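Down below is the structure, laid out as structure tokens.
Just so it is clear, none of the values below were taken in a lab; they were calculated from the coordinates. Predicted, not measured: the structure shown is a model, and the values here were computed from it. FYI the Cβ positions are ideal-geometry reconstructions off the backbone, even for glycines, and counts take in every protein chain you see.
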Amino acid sequence: ADNFEFIKLSKTGEQQNIGLIQLNRPKALNALNNGLMEEVGKALEKLDSDSSVGAIVITGNEKAFAAGADIKEMANNTFAQCVGGNFLESWTKVSSTRKPLIAAVNGYALGGGCELAMMCDIIYAGESAKFGQPEILIGIIPGAGGTQRLIRSVGKSKAMEIVLTGNQVNAQDAEKMGLVSKVFPADKLLGETVKLAEKIASNSQITNAIAKECVNVALESTLKEGLRFEKRMFHACFATKDQKEGMAAFVEKRKAKFTNE
Ligand code: CAA
């Protein structure tokens, strides 16, 4: 059994094929201390290598997805300690997850909480969700992707405004600016997110992984390089049994049965 202190790890969905990570430090609004992020990294590694898991959902509670990195834990950090310990480097495990990863955000997603959500592939939000990068108000800047991922999803003017004011963005505005794909009543959020995960998990795990990698390459490469990579990965799909099955099922007017081969 897993002995996690700061998170809950389970499997959910009709076929128990959705990994669910629930951040569980409610008294601190799920502030992301080192221990919690280490556990998130371990849980993701476990789910990523579990062949029965097709997609992963990460969530918090009604009040908070996560209110940021743990301010009390880092308040006395020195520059030397940050560099020496490579502070926040362990968080990159989240963005290197290969399976589809969906954030279900109710309540606060501030600072590192917003950054954690942005490391996921898709963000669904509850009506009361509040996003923001308030680091500037406490004398620092975002350190887990806030200055880099936000601009890629909402554009420069909005990203600058969010990073330079520390103002919170509500769920409706977050959806309008493209940070979030859909908004639901708070009590429907997790169920709807698991449904989305199940839909995605019904595809071949191979093509899910390839498609995710290709979309992410778009954020890190020129259009020319990205198109070249996409084309070759598209060709590679034809080496899988799942491509043969998917197309045969279409022709035979039946549902495809993917085997992840
Ligand atoms: N770190 C540590 N503890 C936190 C925390 C954080 N980021 N956010 C909340 N808490 C704690 C509070 O200290 C409080 O603990 P106590 O009961 O022991 O006092 C408890 O959680 C409840 O919080 P509040 O009483 O403040 O709750 P509220 O409803 O009045 O306010 C809030 C909610 C507006 C989210 C407020 O808690 C807040 O502003 N939190 C900090 C937000 C923030 O600045 N986040 C960025 C952190 S820096 C970062 O994330 C760096 C990075 O890029 C990785």
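Consider region 63-83. How many of its residues are within 19 Å of G35 (Cβ to Cβ) and more than 12 Å from the ligand (Cβ to nearest atom)?
Final tally of qualifying residues: 2.
Could you please find all residues in region 104-127 being among the hydroxyl-bearing types (S, T, Y) and either within 12 Å of the ligand (Cβ to nearest atom) or at positive phi (or both)?
Initial filter on region 104-127 (among the hydroxyl-bearing types (S, T, Y)): 108, 124.
Result: Y108, single match.
Taking region 140-156 as the region of interest, how many residues are on the phi < 0 side of the Ramachandran plot and more than 7 Å from the ligand (Cβ to nearest atom)? Lay out the reasoning, then the answer.
Residues of region 140-156 on the phi < 0 side of the Ramachandran plot: 140-144, 146-154, 156.
Those still in the list that are more than 7 Å from the ligand (Cβ to nearest atom) too: 141, 147-154, 156.
Going through region 140-156 one residue at a time, the tally reaches 10.
So in region 148-161, with the set limited to residues that are over 18 Å from L101 (Cα atoms) and in contact with a helix residue (DSSP H, G or I) (Cβ under 6 Å, 6 or more places away or on another chain), which one is surrounded by the fewest Cβ atoms within 10 Å (Cβ to Cβ)?
In this case the residue turns out to be I151.
Which members of region 161-173 meet the condition of being within 16 Å of the ligand (Cβ to nearest atom) and part of a helix (DSSP H, G or I)?
Of everything in region 161-173, those that are within 16 Å of the ligand (Cβ to nearest atom) and part of a helix (DSSP H, G or I) turn out to be I162, V163, L164, T165, A171.
Quick check on this structure: which one of G41, G35, G60 is within 16 Å of the ligand (Cβ to nearest atom) and in contact with a Leu (Cβ under 6 Å, 6 or more places away or on another chain)?
Details: G41 fails: in contact with a Leu (Cβ under 6 Å, 6 or more places away or on another chain); G35 fails: in contact with a Leu (Cβ under 6 Å, 6 or more places away or on another chain).
Unique residue meeting the criteria: G60.
Name the pairs whose Cβ atoms lie under 6 Å apart, with the first residue in region 237-249 and surrounded by 13 or more Cβ atoms within 10 Å (Cβ to Cβ), the second not in a helix (DSSP H, G or I), and 6 or more positions between them or separate chains?
Every condition considered, the pairs that remain are K241/E261; D242/S204; D242/F258; E245/A256; G246/A256; A249/A256.
Conditions: (1) in a helix (DSSP H, G or I); (2) closer than 23 Å to Q168 by Cβ. I102 meets all but one. Number of the miss?
Condition (1) is where I102 drops out.
Search region 176-191 for residues being under 16 Å from the mean Cα position of the chain (by Cα) and in a helix (DSSP H, G or I), and hand back the single one that is surrounded by the most Cβ atoms within 10 Å (Cβ to Cβ).
In this case the residue turns out to be L189.
Among the residues of region 229-260, write down those that are more than 17 Å from K212 (Cα to Cα), assigned to a helix (DSSP H, G or I) and among the hydrophobic types (A, V, I, L, M, F, W, C).
Within region 229-260, M247, A248, A249, F250, V251 meet the criteria.
Can you tell me how many residues in region 250-261 are surrounded by 14 or more Cβ atoms within 10 Å (Cβ to Cβ) and touching a Lys or Arg at 6+ places or on another chain (Cβ under 6 Å)?
Going through region 250-261 one residue at a time, the tally reaches 0.
Go through region 126-143 and give me each residue that's touching an Asp or Glu at 6+ places or on another chain (Cβ under 8 Å), farther than 28 Å from G191 by Cα and surrounded by 17 or more Cβ atoms within 10 Å (Cβ to Cβ).
P142, G143
Please identify the pairs in which a residue from region 109-120 that is small (G, A, S) has its Cβ atom under 6 Å from the Cβ atom of a residue that is in a helix (DSSP H, G or I) and more than 10 Å from the ligand (Cβ to nearest atom), counting only partners at least 6 apart or on another chain.
Within 6 Å, the pairs are A109/A117.
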